[in-house]
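**Student:** Can you keep this structure in mind? I'll have questions shortly.
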């Protein structure tokens, strides 16, 4: 049975999609599950997708939408588990710097995380990120700026700022001194 190039497409694109989803979800197993679902959907539409200039963009967009749905459900699920007091499973071992980046990404709001992964990890231009996420170019730029700033704060906290925040404020000047003229 001829697959009209789907097998070759799948073999080339699958590792990239899983890697991109890993950055979005923070979890390899979830990334693989989502990628598989997106490729199943692509396989059922392959005759149409094969004519696209970039069928991988369709799969990525589908996968990111599935991931966002999963992350929203997972957030609700974690809230329920927290009330039940259950424990979590240990994560796969990562290099410390990789773990730090993934953990920092997971602390960002989902819209910021999505545009950061698409733009910086996939090297998509801002216009393509806007098209894929369905928001304006200005919104993408704003999310990128805020996301980069927050990611930098999370990965490289400013020790001088922490010292200033932990030191007590000086006592206020007595009332008569503040309004006296020299």
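**Student:** Report yes if some residue within the range 155-176 is modelled with pLDDT of 75 or more, surrounded by 10 or more Cβ atoms within 10 Å (Cβ to Cβ), more than 14 Å from the chain's Cα centre (by Cα) and not in a loop (DSSP other than H, G, I, E, B); otherwise report no.
**Tutor:** Yes, some residue in the range 155-176 is modelled with pLDDT of 75 or more, surrounded by 10 or more Cβ atoms within 10 Å (Cβ to Cβ), more than 14 Å from the chain's Cα centre (by Cα) and not in a loop (DSSP other than H, G, I, E, B).
**Student:** Can you name the number of the only condition in (1) at pLDDT below 95; (2) surrounded by 15 or more Cβ atoms within 10 Å (Cβ to Cβ); (3) closer than 30 Å to residue 138 by Cβ that residue 49 fails?
**Tutor:** (3)
**Student:** When you look at residue 51, is it without any contact (Cβ under 8 Å) to a residue 12 or more places away in the chain and in a helix (DSSP H, G or I), yes or no? Even if it seems obvious, please write down each step before you answer.
**Tutor:** Values: without any contact (Cβ under 8 Å) to a residue 12 or more places away in the chain: yes; in a helix (DSSP H, G or I): no.
So residue 51 does not fit the description; no.
**Student:** Here is a further query. Quick one: how many residues across the range 1-15 are farther than 17 Å from residue 65 by Cβ and in a helix (DSSP H, G or I)?
**Tutor:** So the first thing to find is which residues in the range 1-15 are farther than 17 Å from residue 65 by Cβ, and the list is 1-12, 14-15.
Of the ones still in play, those that are also in a helix (DSSP H, G or I) are 6-12, 14-15.
Of the residues in that region, 9 qualify.
The values are calculated or read from the model by the stated rules, or taken from the named source; none is laboratory data. None of the values given here were measured: they were computed from a predicted structure. When we count neighbours, we look across all protein chains shown, and the Cβ atoms used for this are built from the backbone with ideal geometry, even at glycine.
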